[in-house]
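Data first, discussion second: the structure below is written as structure tokens.
The values are calculated or read from the model by the stated rules, or taken from the named source; none is laboratory data. What you see is a predicted model; the values in this text were computed from it and never measured. For neighbour counting, all protein chains shown are included, and Cβ atoms are generated from backbone atoms with ideal geometry for every residue, glycine included.
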Amino acid sequence: MRLAGPLPRAKRNAGAVPAELEPLQRLSAGNCSFYGGSRRRYGRGSHWLEFMVGLRLEHITHAFHGKVAVDDVSLEVDKGEVVCLVGPSGCGKTTTLRIAAGLEEVQSGRVTVNDRLVGDDGRHVPPEMRGVGLVFQDYALFPHLRVLENVAFGMTDGPSARARRVAANKMLDRVGLAHLANAFPHTLSGGEQQRVALARALAPKPALMLMDEPFSGLDIGLRDRIRDDTLSLLKELGTATLLVTHDPEEAMRMADRIALMREGRLVQEGAPDRVYREPDGPFCCTFFSKVNSLKGIVENGSVRTQLGRLEADHLSEGTATQVLVRPEAIQLGDLGGPESDSVIATVVESRVLGPYSLVYVRTEVGGPVFEARVTGTHPPKPDAKCRLTLDSSQTFVFPLSSG
Ligand code: ATP
């Protein structure tokens, strides 16, 4: 995550603020009030449902030194909606977020925040004038300011300094840190610093929150709690949020909608359960879960593999396919079970992982080993023979050419 961008230097004197915090200082010093929002309408006649759009990216394309990092990305985030931008390292997530924030100038396309055009190839509204809140992985708190001063820093719109302090205190209370108002950032734990950063970004009531890997610096137990708290606060305030993460589980947990990027392009977008249940291709399927990967040819509407036969009547005869089988799709039963659509497997190894167990099986002597995930703490032992069937809702057959 890079904080500094190719922006003109701030007109304000940055004073004692470290150089790497300058963009944030400018952001905090800007106008963060709400703008009148655009409305998307769904429905007919008098039964319109209206949604205010917090962020609209239209056909954003961006290159560094001639190499395309973001390729024709269009995305909307409605008021009150959390959209998670996910994808592998280097696929262009941070660049997209920085363009939305105004930390990168638009090269091609349009950026609209709360119905106000803030960036196109001839216009650049600076970050501090966009009405956005930013939270980054490293929190970027001002080290020389106390917690309350950090939170109050960006609240330039309040009627008086006292009113701003009261509002800042209230936001600190919302994140459970009112008792640390007078502490300096270096005396806080990582989780506390993250919550101060969140309070500071939310205090000016931004129309849009842009968050880049905000939880990745926290250890696992704390991360879960802070994620849940953050989500309920964002929902309570109705803030449109674009959150960048490379962690599929985090996206599944936080998002109303997931946007998956690959090599600069948006490749699938939808509700978390839909993206998981109905991946558009192998890339999406393997990004969100572990899979056993096999190959096969469509014959008479199905593909025969070492794990059994899979329906493939959506593909034409003779198509070469990639078959992806999630570990939880593999069900292991007694040899005495029904024979239809099952294969005999031998257990190679099994491991109890708490609420579920991993069982590694082979269906052919010397053949590949497949991973099954089964519930319970008494998995079959090595060398045991079992009958293997597949849950077809967790298996996917794609043409080999779909990548
Ligand atoms: P990560 O999850 O690792 O942070 P990302 O998906 O956020 O990755 P970006 O940081 O947006 O990816 O980078 C996309 C591509 O653009 C990468 O190839 C990266 O090296 C390149 N890139 C990003 N910023 C710059 C820059 N300022 N100068 C040159 N290349 C850059």
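Per the conditions (1) away from the ligand (no atom under 16 Å from the Cβ); (2) crowded, with 16+ Cβ neighbours inside 10 Å; (3) of a type in the set (Val, Ile, Thr); (4) without any contact (Cβ under 8 Å) to a residue 60 or more places away in the chain, the sole criterion not satisfied by VAL113 is (4). The residues of the range 73-94 that are farther than 12 Å from GLU263 by Cβ and either assigned to a strand (DSSP E or B) or within 12 Å of the ligand (Cβ to nearest atom) (or both), listed by number, are SER74, LEU75, GLU76, VAL77, ASP78, VAL82, VAL83, CYS84, LEU85, VAL86, THR94. From VAL106, VAL166, grab the single residue that is at pLDDT below 90 and surrounded by fewer than 23 Cβ atoms within 10 Å (Cβ to Cβ). Answer to the check: VAL166. Considering every residue within the range 148-171, establish whether at least one is closer than 30 Å to HIS59 by Cβ, in contact (Cβ under 8 Å) with a residue 12 or more places away in the chain and acidic (Asp, Glu). There is no residue in the range 148-171 that is closer than 30 Å to HIS59 by Cβ, in contact (Cβ under 8 Å) with a residue 12 or more places away in the chain and acidic (Asp, Glu). Any chance the range 329-336 includes a residue that's under 20 Å from CYS285 (Cα atoms) and out of contact with any Phe, Trp or Tyr (no Cβ under 7 Å at 6 or more places or on another chain)? Checked the range 329-336: at least one residue is under 20 Å from CYS285 (Cα atoms) and out of contact with any Phe, Trp or Tyr (no Cβ under 7 Å at 6 or more places or on another chain).
Filtering the range 53-98 to residues that are in contact with a helix residue (DSSP H, G or I) (Cβ under 8 Å, 6 or more places away or on another chain) and among the small types (Gly, Ala, Ser) leaves ALA69, GLY80, GLY87.
Quick check on the range 117-128. Is at least one of its residues touching a residue at least 60 places away in the same chain (Cβ under 8 Å) and either hydrophobic (A, V, I, L, M, F, W, C) or within 10 Å of the ligand (Cβ to nearest atom) (or both)? There is no residue in the range 117-128 that is touching a residue at least 60 places away in the same chain (Cβ under 8 Å) and either hydrophobic (A, V, I, L, M, F, W, C) or within 10 Å of the ligand (Cβ to nearest atom) (or both).
Checked against the criterion of being closer than 30 Å to ASP273 by Cβ and either more than 36 Å from the chain's Cα centre (by Cα) or exposed (fewer than 12 other Cβ atoms within 10 Å of the Cβ) (or both), the candidates SER393, SER350 yield just one match: SER393.
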